[in-house]
Amino acid sequence: MHVSLCKNILFFFAKCSRLAKVEFSFLEYPCCNSVPSDSGKDQDVRTRFWTCLLVFLFAASEGHSFAIAGERIGFIKNIRVGLHEDKIRIVAVLDNLPKDVPVYTPGPEGKLVFPGVMPSPTIHKKLVAHTRALKAHFREIDILYHPHSRETSLTITGGISQSTPHFFTLKHPDRIVADFPFTGTSGNTQKKKQVQSRKKADVPPPRPGQKVIVIPGKKVSREKGVTALTASLSRPVSYPVRVPRFRVVIDPGHGGKDCGTLGVNGICEKDLVLDIARRLKEKLDSDSRFLVFMTRNGDFFVPLKERTEMANRWKGDLFLSIHANSDQDRSVRGVETFLLNLRSSDERSREVAMRENTVLGVSHGDLGAILLTLRVNHKKKRSLEFAGDIDHSLSKNLEGRFREVRDLGIRQAPFYVIMGTAMPAALTEINFLSNPGDARIMASSGYRSQVAYALYRGIVRYYHQVHPEIQAKNLKTPLATHP
């Protein structure tokens, strides 16, 4: 445990020892916004004390929160380091390529900066060279995310830290590659090696009508004749990959007595999101890879706690809650995707979460009771990836067809409905019903169908990350029809 964390905990205990005089308002969490008065009951104060202590310990152990707002931010899913004949190669695997190019500053501690991306929580924060060959060129690489500048830096110590890398990008998956040449390797030496490797690879072209069979480790031989039998045997044989159906839980927000947000055109949020959820279910049902469940498929009220219990009972692989947004400022419009975090990424995200939680009767005690569940939830990395896929698909499929649609990116807030899930979960807010323009397009059946298709493609994109063996085998599964 870090020294600073220990100091904070000791300070917190010292401050909270006077139970009747505790002020919890300095903690920016929903369960700690009220200040108990001196005349309050001891039991109430003790309850708030333990709830806030749990929140504090959770937040402190998690470190600083991700500063995601407005503009889309990419995720580094993996970082690999490879030793080659004349260079060290560092590869950053991302969910998508950022707009800005990486920057490297050479020195005893060289710094490689990736703007507009953040590391996945599962990435090790320090990469250490363990073999002699690697230690000859670098000692360690420290990985650090800077939330204020929204960039990730890799600090490299060792031989290659003084080199100037060559950058390029690769696709499928998206990667940024940095090649660090060994110190003293000239450009002419590298060119000679490239020419020699090309000479070794050169083979005379076959004559017209002649086929050439190349076997690894064997010399090139020309085939005089090919029968139908030998031709069929030479083709690679692919075997089907058996993958269980992916269980998707769709959660249309609100319902029954709870209208949700009432649009400026008089349409209830509950009706719009149910329609989108049904269209999404139809598309997923037509795709044999998915098995779909819905927390409600009619106009009735389901408490938040029961929604998460349903998802866990169904053993879902994925949970998507669909909502529509609103804001006091009627000029605000667009779509956004939310991740679970006790610390909201901004004030408006906090207000959205409070509105969704309060409408459905979530108490402070409910939030405090599930903090330990959150702490041991090992699905956080997948939730980050899923939210990124949903946001990417909404942006790609809506902004091109509807110019007025704006992508507000990925945000974080303490939504109760995705707290208790034992699976990767995200919550999407489709447009602002408080905005006349957004309310108008949300009333369009064609637009809601396009939203459902975008959500479907986002789920498929995430599915490919979970089951890379499908893509490795190049197995094609027909997609649901485009609206």
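The values are calculated or read from the model by the stated rules, or taken from the named source; none is laboratory data. A quick note: this is a predicted structure, and the numbers were derived from the prediction, not measured. Heads up, the Cβs are rebuilt from the backbone with ideal geometry, glycines too, and the neighbour counts pull from every protein chain shown.
Could you look through the range 98-132, keep only residues that are buried (at least 16 other Cβ atoms within 10 Å of the Cβ) and among the hydrophobic types (A, V, I, L, M, F, W, C), and pick out the one that is modelled with the lowest pLDDT?
Among them, the one singled out is 123.
Please identify the pairs in which a residue from the range 255-266 that is assigned to a strand (DSSP E or B) has its Cβ atom under 9 Å from the Cβ atom of a residue that is surrounded by fewer than 12 Cβ atoms within 10 Å (Cβ to Cβ), counting only partners at least 6 apart or on another chain.
Final answer for the pair search is 255/298; 255/300.
Just for the range 291-319: of the residues that are modelled with pLDDT under 95 and in a strand (DSSP E or B), which one is surrounded by the most Cβ atoms within 10 Å (Cβ to Cβ)?
319
Would you list the strands (runs of 3 or more DSSP E) that sit entirely within the range 81-174 and hold 2 or more residues that are under 28 Å from the mean Cα position of the chain (by Cα) and within 26 Å of residue 412 (Cα to Cα)? Outline the logic, then answer.
Values: elements: 87-94, 103-105, 109-115, 117-119, 126-128, 140-146, 151-157, 166-170.
So the answer is 87-94, 109-115, 117-119, 140-146, 151-157.
Residues of the range 149-185 being modelled with pLDDT of 90 or more, among the hydroxyl-bearing types (Ser, Thr, Tyr) and in contact with a Lys or Arg (Cβ under 8 Å, 6 or more places away or on another chain), which ones?
If the condition is that a residue be modelled with pLDDT of 90 or more, among the hydroxyl-bearing types (Ser, Thr, Tyr) and in contact with a Lys or Arg (Cβ under 8 Å, 6 or more places away or on another chain), then 153, 155, 169 are the ones that fit.
Would you be able to tell me the number of residues in the range 416-474 that are at pLDDT 85 or above, surrounded by fewer than 23 Cβ atoms within 10 Å (Cβ to Cβ) and β-branched (Val, Ile, Thr)?
Number satisfying all stated conditions: 2.
Quick one: how many residues across the range 101-128 are closer than 24 Å to residue 465 by Cα and without any contact (Cβ under 8 Å) to a residue 24 or more places away in the chain?
2
Please enumerate the residues belonging to the range 381-406 that are basic (Lys, Arg) and surrounded by fewer than 17 Cβ atoms within 10 Å (Cβ to Cβ). Give the steps one after another, and end with the answer.
Here is the first cut: in the range 381-406, the residues basic (Lys, Arg) are 381-382, 396, 401, 403, 406.
381, 396, 401, 403 - these are the residues of the range 381-406 that are basic (Lys, Arg) and surrounded by fewer than 17 Cβ atoms within 10 Å (Cβ to Cβ).
What residue, among those in the range 261-278 that are out of contact with any Gly (no Cβ under 6 Å at 6 or more places or on another chain) and crowded, with 20+ Cβ neighbours inside 10 Å, is farthest from residue 313 (Cα to Cα)?
By that ranking, first place goes to 263.
Given 135, 87, which one is surrounded by 13 or more Cβ atoms within 10 Å (Cβ to Cβ), in contact with a Phe, Trp or Tyr (Cβ under 9 Å, 6 or more places away or on another chain) and modelled with pLDDT under 90? Outline the logic, then answer.
Numbers: 135 fails: in contact with a Phe, Trp or Tyr (Cβ under 9 Å, 6 or more places away or on another chain).
So the residue among 135, 87 that is surrounded by 13 or more Cβ atoms within 10 Å (Cβ to Cβ), in contact with a Phe, Trp or Tyr (Cβ under 9 Å, 6 or more places away or on another chain) and modelled with pLDDT under 90 is 87.
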